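A.B. asks: Take this structure first; my questions come after.
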Amino acid sequence: MKDQRGSVTVMSLAMLLFLMVVAVAWLPMMTMEKTAAASDYREQQAWNAAEAGYKRAVAALSNKNNDWRWLTPEEYIRDSDSANFAHLSIDGNKVDQDEILYAVSIMGNNADIVSGYIPEEDVVYQITAVGSCQGVRKVIRKTYVLGDDDSSGDGDSGGEETLELPGLVQAGGTVTITNNQAGELNGDLYGSGFFDSSGNQFSSGHTQGTYPNMLKTHIPESVFQKSSYKDLNTMLRTDQWNWIFNLEAGKNYIWDLKSDVAWNVGNYVGNECTINAEESSGKVIFIDNSTEYLKGNIIGPSQGKPVTFIFTKTIKINAKITGNVRIFTSADFTFDNQAATGLIMFMSNGKMEIIGSINKGFLSSDKNIIIANQAFYGQAQVKGNFETKGTIHYSDAVLKAPGFTVPKGMN
């Protein structure tokens, strides 16, 4: 009987010990679960706050309000200074203002809206809404035109999404810059290694090591498929004796160079082509090209959303580019010895070579980028290596501008 009681006691102690071990092991799991739940809560509340700010902006524009004292200047939002958020809270009574806040900026014609301004038709407004919850911040950036039925606040439009990059260069491979720019960089460099043009290791306060997030540089193949676009109008010459195209407002176009007999028979390479797309804000020019060379002039909108050119094959462009222009290419891309002024976005699934000058640009390549001995002002992302023989200067003007989004599904 004593032996039996002793066995029960031992079993009870063993069971108690087991429960204690389980409890001790369970504590970290409970802590992790609690931390994850808190993080999810903060993220969701930050998104909710940003969406509330965006919807307030859309409502104010739609109602043509003229009291804009509640807005935050764009430069303050870029600085992300929490002191600039203190005048706003999601409940209007500033309850828990240290936990959940939003701040909104609205820009029209590249300038902050100020009190007294009355919203106008046909102006493209850029709305930036930042939601903040206990240190977590989420950003919604969209363009809005009066009359648009769009208040979803999801940050995307037409199969595209906004892109934000912290640095001047984001490279999956190495970054090589000229020797004479060692002390003159004004933007951060991200890459697997940093070198000067002599092949020596390069270091400065702007070399940040490997890019912390995944670079998405490959454009989805659907972008280069004609079936992805609706209402494509055949692009016809305005002047039958010259290659001049004056495009009409509000229309998407297609230029099938493979089937253009006059283009192919006329030995076009030595001639020039002018594409006037000043009225094509937000529209697409789909070019199914077998010819790998385009020379002349490309004129984009002077304000508002850019015109987008899609090239289905390798292309070398020796054309002066003005206005707001995006160019997406499925293969290698070369911008020859010309000047690109305005806001310029070049994105390629192949290698990219920039020989001409760009004063406000964004470059993206799924292979490598080489910039010749020219000045480049803007930002770049590249899956492979980045090399410049000219000077490079940071400017986020393109990615901050209305309509300069990137296709969804990039990887």
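Since every read-out is calculated from the coordinates, none of them should be taken as a lab result. Since the model is a prediction, treat every value here as computed from it, not as a measurement. Counting neighbours? That spans all protein chains shown, and the Cβs are built from the backbone with ideal geometry, glycine included.
A.B. asks: What does the charge add up to near Asn297, with Lys and Arg as +1, Asp and Glu as -1, over the other residues with Cβ less than 11 Å from its Cβ?
C.D. replies: Values: positive: Lys295, Lys320; negative: Glu272.
Counting the neighbours of Asn297, the net charge comes to +1.
A.B. asks: Is the C-alpha gyration tensor of region 309-411 telling us rounded, prolate or oblate? Criteria: a/c under 1.5 is rounded; beyond that, a/b larger than b/c is prolate, otherwise oblate.
C.D. replies: The shape class here is rounded.
A.B. asks: Cβ under 12 Å from His218's Cβ, His218 left aside: what net charge do those residues give with Lys, Arg +1 and Asp, Glu -1? Walk me through the numbers on the way to the answer.
C.D. replies: Numbers: positive: Lys216, Lys367, Lys383; negative: Glu221, Asp366.
Counting the neighbours of His218, the net charge comes to +1.
A.B. asks: Would you mind counting up the charge near Gly342? Only other residues with Cβ under 14 Å from its Cβ, with Lys and Arg at +1 and Asp and Glu at -1. Don't skip to the answer; put the middle values down first.
C.D. replies: Numbers: positive: Lys305, Lys320, Arg326, Lys360; negative: Glu278.
Net charge around Gly342: +3.
A.B. asks: Rank-order 134-143, 51-60 by packing density, defined as the average count of other C-beta atoms within 10 Å over each peptide's residues, highest first.
C.D. replies: The densest-packed peptide leads the list: 51-60, 134-143.
A.B. asks: Which entries of Lys142/Lys216; Lys251/Lys351; Lys216/Lys320; Lys316/Lys400; Lys226/Lys313; Lys230/Lys400 have Cα-Cα distances beyond 22 Å here? The partial results should precede the final answer.
C.D. replies: Details: Lys142/Lys216 20 Å; Lys251/Lys351 31 Å; Lys216/Lys320 29 Å; Lys316/Lys400 27 Å; Lys226/Lys313 13 Å; Lys230/Lys400 27 Å.
Cα-Cα > 22 Å for Lys251/Lys351; Lys216/Lys320; Lys316/Lys400; Lys230/Lys400; rest within.
A.B. asks: Counting other Cβ atoms within 10 Å, keep those with at most 15, restrict to DSSP loop, and tell me which trypsin sites (Lys or Arg not before Pro) in region 335-409 are left. Could you put the intermediate results ahead of the total?
C.D. replies: On the way: sites: Lys351, Lys360, Lys367, Lys383, Lys389, Lys400, Lys408; in loops: Lys351, Lys367, Lys383, Lys389, Lys400, Lys408.
Within region 335-409, the qualifying trypsin sites (Lys or Arg not before Pro) (loop, at most 15 other Cβ atoms within 10 Å) are Lys389, Lys408.
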